[in-house]
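Notes to accompany the following structure.
The values are calculated or read from the model by the stated rules, or taken from the named source; none is laboratory data. Computed from a prediction, not measured in an experiment: that's the story for all the values here. Here Cβ is always computed from backbone atoms with ideal geometry, including for glycine, and neighbour counts include all displayed protein chains.
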Amino acid sequence: MQTKLLYLSDLKFNLDVWKRELKFHQAEMDEFEEKLGDISIRGLGVDTMAPLEGFQNKIIREREVIGRLLQRIRKKNKLIETADMSENIDGRLRQQQSMLRDDMKIYIKLHYALKEEMMDFFLQWL
């Protein structure tokens with residue numbers, strides 16, 4: 001039973017780290033959206049507005065992805081909380097979590113690519 005508790009604790013730790021990271025990215029998107037709003041009211045023309053609208057759309061999409069990942073994390077946490085302590089450790093929970101881990105890796109890579117692109121845009125127009 002002690003081994004099972006450690007196993008579940010390790011899985012929960014990963015979920016907690018991912019959840020905090022996603023919450024941070026949500027807050028970051030709020031800040032980026034605010035900066036895009038600051039740029040839009042300056043009336044800098046079509047050269048600015050087209051990429052600005054593209055970034056706004058990407059932020060909307062990113063929020064959707066974050067929401068789905070957070071939902072998967074909540075579901076995974078429920079599975080861990082309701083795990084049968086008498087059941088043998090068969091790796092099923094870890095295998096399911098590895099799919100989420102792979103999706104988190106992809107999301108993080110795409111998030112930082114978008115962030116870099118937006119920071120270049122901000123340097124140009126702020």
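Please go through region 95-126 and pick out each residue that is within 18 Å of residue 37 (Cβ to Cβ) and hydrophobic (A, V, I, L, M, F, W, C).
114, 118, 119, 121, 122, 123, 125, 126
Name the pairs whose Cβ atoms lie under 7 Å apart, with the first residue in region 100-113 and touching a residue at least 12 places away in the same chain (Cβ under 8 Å), the second acidic (Asp, Glu) and surrounded by 14 or more Cβ atoms within 10 Å (Cβ to Cβ), and 6 or more positions between them or separate chains?
Listed pairs, sorted by first residue: 111/62.
Any residue at all in region 19-30 that's under 24 Å from residue 125 (Cα atoms), small (Gly, Ala, Ser) and either at pLDDT 95 or above or over 11 Å from the mean Cα position of the chain (by Cα) (or both)?
Yes, region 19-30 has at least one match.
Restricting region 79-112 to residues that are among the basic types (Lys, Arg) and at pLDDT below 90, which is surrounded by the most Cβ atoms within 10 Å (Cβ to Cβ)?
Among them, the one singled out is 94.
Can you name every residue in region 39-69 that is over 23 Å from residue 109 (Cα atoms) and surrounded by fewer than 12 Cβ atoms within 10 Å (Cβ to Cβ)?
At the first step, the residues of region 39-69 found to be over 23 Å from residue 109 (Cα atoms) are 39-50.
Scanning region 39-69 gives 41, 42, 43, 45, 46, 47, 50.
Can you pull out the residues in region 31-60 that are outside any helix (DSSP H, G or I) and either over 20 Å from residue 123 (Cβ atoms) or within 22 Å of the chain's Cα centre (by Cα) (or both)?
Once the filter is applied, which keeps residues that are outside any helix (DSSP H, G or I) and either over 20 Å from residue 123 (Cβ atoms) or within 22 Å of the chain's Cα centre (by Cα) (or both), region 31-60 yields nothing.
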